[in-house]
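Everything on this sheet refers to the single structure shown next.
The values are calculated or read from the model by the stated rules, or taken from the named source; none is laboratory data. Note that this is a predicted model, so its numbers are computed, not measured. Every residue, glycine among them, receives a Cβ derived from its backbone with ideal geometry; neighbour counts consider all protein chains shown.
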Amino acid sequence: MSPRTMVLLAVLPLAGCQNPTRGFDTRTNDDVYAVHWNTATGREILVDEYFTIHASIDPEPRSVSIDAGMPEHRHGMLHEPSTRRLSHDTWLASDMLFHMPGRWRVQFDITDADGTVHRAESDIVLE
C-alpha cells in the first residue's frame, strides 16, 4: 500500500465531519426515518456564511423542521431558518448560518401522519 493511500485511509474517519461530495446520512433516534442531506450547492459549510440544506427523508413524513445548535455552548443559530417541502420526500432549509467555529448539531424534527415527532441528528465540526 502506498504512503498516500495509508494517509488517506487514516484521515477518512475524520472526514465524516463534513463531506460535501457524498453528503450525510443519519437516522431518527427510534430508527423509523432515514435522512440523507447535503448543502444545496454540494459545497462545504463555512463559518459565518449562509447555506441551504437539501434533505431526503424516507419514508415520506407529514412535515419536517430543520434547525441547528452548538451543544457545548448551549445555543442555536442567531435566527430561525425556514423549511419547505420540495416533493413528497424532499425538504429544503434556507438561511442556515453557523456563526462561529466548533461542533454544530443539525436537527431534523420529523412529524409522521399520527403527529408523532421523530428526531434525527447529525454533527459537523467547523474550524
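Among the candidates Asp67, Asp112, which residue alone is closer than 26 Å to Asp31 by Cα and touching an Asp or Glu at 6+ places or on another chain (Cβ under 8 Å)?
Details: Asp112 fails: touching an Asp or Glu at 6+ places or on another chain (Cβ under 8 Å).
Asp67 is the lone residue from the list that is closer than 26 Å to Asp31 by Cα and touching an Asp or Glu at 6+ places or on another chain (Cβ under 8 Å).
Return yes when Gly42 is surrounded by fewer than 13 Cβ atoms within 10 Å (Cβ to Cβ), at pLDDT 50 or above and not acidic (Asp, Glu) and no when it is not.
Working: surrounded by fewer than 13 Cβ atoms within 10 Å (Cβ to Cβ): yes; at pLDDT 50 or above: yes; not acidic (Asp, Glu): yes.
Answer is yes for this residue.
Can we say Thr111 is without any contact (Cβ under 8 Å) to a residue 12 or more places away in the chain and hydroxyl-bearing (Ser, Thr, Tyr)?
Numbers: without any contact (Cβ under 8 Å) to a residue 12 or more places away in the chain: no; hydroxyl-bearing (Ser, Thr, Tyr): yes.
It is false that Thr111 is without any contact (Cβ under 8 Å) to a residue 12 or more places away in the chain and hydroxyl-bearing (Ser, Thr, Tyr).
For region 89-115, name all the residues that are over 18 Å from Gly23 (Cα atoms), part of a loop (DSSP other than H, G, I, E, B) and among the charged types (D, E, K, R).
Correct list: Asp112, Asp114.
Quick one: which residue in Arg105, Arg74 is among the charged types (D, E, K, R) and closer than 19 Å to Thr28 by Cβ?
Details: Arg74 fails: closer than 19 Å to Thr28 by Cβ.
The match here is Arg105.
Select the strands (runs of 3 or more DSSP E) contained entirely in region 45-88, then report the ones holding at least 2 residues which are in contact with a strand residue (DSSP E or B) (Cβ under 7 Å, 6 or more places away or on another chain) and crowded, with 16+ Cβ neighbours inside 10 Å. First the steps, then the outcome.
Working: elements: 51-58, 63-70, 82-87.
In region 45-88, the matching strands (runs of 3 or more DSSP E) lie at 51-58, 63-70.
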